[in-house]
Amino acid sequence: MRAAPGASRLAGAVALTQLIGWGSTYSIPAVLARPMAEALGMPLAVAFGASSAFLLAMAGISPWLGPAFERRGARPLLALGSLTLAAGLGLLAASPNPAVYFLAWLVMGAGGAMALSNGANVLLAERLGAGARRAISAAMLVSGLASTCSFPVMLWLEPELGWRGTLAVYALANLLVCAPLHWIVPGPRPTPAPAPAPAPVVPPGEAEAPPPARPAPAVAAAERARFAWLALAMSLAGMISWGLGVALPETLAALGAETRTAVLLAGVVGVAQVAARGVDFALRAPWPSLSLAILAAAGMPVAFATLGLGGGSVASAVLFACIYGAGTGLLSVCRATLPLELFDPGAYARMVTRLALPMNLAFAAAGPLFGWLLSVFGAAGPVWAGFLGALGALAALLRLRALR
């Protein structure tokens, strides 16, 4: 399918705003949690808990945004989201105590619900229709580097400006770069909906035509079933990737890897994620999203079994990191593109904002859950929980294919 004129500029603008948006929000605690905790007098674990508050706020607000996206279009909500992120980051930079600190993260979560991931994908679907998959893949390929780009920036700025100054710079980036880009959104304009046809004139003495038939109950029930299985599959897959993203270095260390080796192996996961997304983007005739999701999910139990049965060897850990990283990288793309394939493209905004509630709740619970499993059961806890969760995600996707 030939890309719409200006689609590359649109995808590039969205990719840049997502790179800045995610890098200036969710990535913050990884580098700045310790100085923020020390300055505000709170435990380090509490400072890290802000990321869960951020995701919970996104989960609570996202379902309410579907009608707004459909009624007003994505552009104004994306711009408002970037302004809200800037305000939240400014409040975070000025936080005098833990209460304001968490309030700032809730404000940022509200902004993220509008400006991050779902909002950007809605914009691409709105402008490009059913052909948005390639643009979504491109944007996610770049945004997957958010932490890779943001960590060095924070490590460079924090000694010079302090954590408050670093957050102020991030607030300005959202205010002066992301908000204007979202407002002008270069690229193809959305096609206006055709005006409704005038009602036919009924000659006297003739019966009026019956009103258009509503969707049959069986059709609506089938759509609800597809949505439920999709939500289950993506929530399980996301819980694994977000939970293990926090616990993986410690899990590998508990299996016997040295600390330096464990960190390097965890880095291999990120490389495999980006590489898999790059291959998906490079394919001119990509696989259907559901087939790609099933393939990616099928590799996940294999990866966890390899790690769990590998006896802590470096070879088994490297193989796990490659298979697991590629699988999670592809599933993150499928999470954004499957609603385009499974439902009416015109309902994309409604579907992705509804999906955001169970997925973000799962993401928010993932870190504490996998941390608890590691502390209670050792390395076996996260590994075999990941194995079972991956089997569940695969089963849900296979059921989804049977319902098509």
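The values are calculated or read from the model by the stated rules, or taken from the named source; none is laboratory data. Bear in mind the structure is a predicted one, so any value in this text is a computation, not a measurement. Glycine gets a Cβ as well: all are built from the backbone with ideal geometry, and neighbour counts include every protein chain shown.
Some observations on this one:
- In segment 61-69 there is no residue matching the filter, namely being free of Cβ contacts under 8 Å to residues at least 12 places away in the same chain and not in a helix (DSSP H, G or I).
- Screening 85, 103 for residues that are free of Cβ contacts under 8 Å to residues at least 60 places away in the same chain and in a helix (DSSP H, G or I) leaves exactly one candidate, 103.
- Test: residue in segment 344-357 that is at negative phi, of a type in the set (Asp, Glu) and in contact with a helix residue (DSSP H, G or I) (Cβ under 7 Å, 6 or more places away or on another chain): no
- Filtered residues of segment 132-185 (kept if without any contact (Cβ under 8 Å) to a residue 12 or more places away in the chain, over 18 Å from residue 116 (Cα atoms) and among the aliphatic types (A, V, I, L, M)): 161
- Residue under evaluation residue 324, criteria (1) modelled with pLDDT of 90 or more; (2) surrounded by fewer than 24 Cβ atoms within 10 Å (Cβ to Cβ); (3) not aliphatic (A, V, I, L, M), criterion not met: (2)
- Of the residues in segment 93-108, at least one is more than 25 Å from residue 338 (Cα to Cα) and surrounded by 24 or more Cβ atoms within 10 Å (Cβ to Cβ).
- Helices (runs of 4 or more DSSP H) lying entirely in segment 123-241 (those with 3 or more residues that are surrounded by fewer than 16 Cβ atoms within 10 Å (Cβ to Cβ) and modelled with pLDDT of 90 or more): 146-173
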